[in-house]
Amino acid sequence: FLPIYRNLGLRKLKIGDDAVVELSKFTLEGKQAKKFRHAINQLEKEGFRFVRFDPPLSQAVMAQLSEVSGEWLQIPGRRERSFTLGLFDPDYVRATPSCAAVDGQGKIWAFANEIPSFAKGEATIDLMRSRPISPPATMEFLFAKLLLAKKDEGFARFNMGMAPMAGFQEREEASLEERAVHNFMQRLNFLFSYEGLRA
């Protein structure tokens, strides 16, 4: 629709990219998946497992998710945002399916809540949070297991949400104004840790 918008006198300003995983291509085989394989093997040896909680979530589960979220918010620079993500509202979270990395004692270390996608064949999440003292690669474990579960359920894609001000792809046309805004925002690291989120 860009040509139509331009004809109407409007201009575009790119604000980010959707991070989309093609699930048909997602595998734990090969060199690229080494980090995921290592995370899964290591944490499973320590007794971790991937658990999906269906709504309405129990009080016990909600208490743990709230605790994880509270600890995550204590990390310097973290705060509730509503630009590209939801916020931890108990009534909202209770009504959504949540997936978690859970240790052998039943303690939740990281979670992500699932929400419906507007795109057919696409799965997506909203909140993704972990305890600051989580074992290394806990989020990789959680997402590898979640992506495999969605692939098994027949989804074609997994949308991890928008990486704001993530830069420009090769051969992507960007105006001088867009490049200036992106450069400025990335230097300030104003909204997010861009590189970490994009990675």
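The values are calculated or read from the model by the stated rules, or taken from the named source; none is laboratory data. Since this is a predicted model, take the numbers as computed values, not measurements. All Cβ positions, glycine included, derive from the backbone under ideal geometry; neighbour counts span all protein chains shown. Ligands, DNA and RNA are stripped out before the accessible areas are found, and what is left, the full protein with its side chains, is counted by its heavy atoms. Shrake-Rupley method; radii C 1.70, N 1.55, O 1.52, S 1.80 Å.
What the table below lists for this structure:
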item: Within region 136-176, tally of residues that are over 19 Å from Gly86 (Cα atoms), surrounded by 12 or more Cβ atoms within 10 Å (Cβ to Cβ) and at pLDDT below 90; result: 5
item: Options Ala119, Ala101; residue that is touching a strand residue (DSSP E or B) at 6+ places or on another chain (Cβ under 9 Å), modelled with pLDDT under 95 and closer than 20 Å to Lys151 by Cβ; result: Ala119
item: Subset of region 5-19 [at positive phi and open to solvent by less than 40 Å² (accessible area, probe 1.4 Å)]; result: Gly16
item: Residue ranges of strands (runs of 3 or more DSSP E) in region 20-132 with at least 1 members open to solvent by 30 Å² or more (accessible area, probe 1.4 Å); result: 49-53, 108-115, 122-130
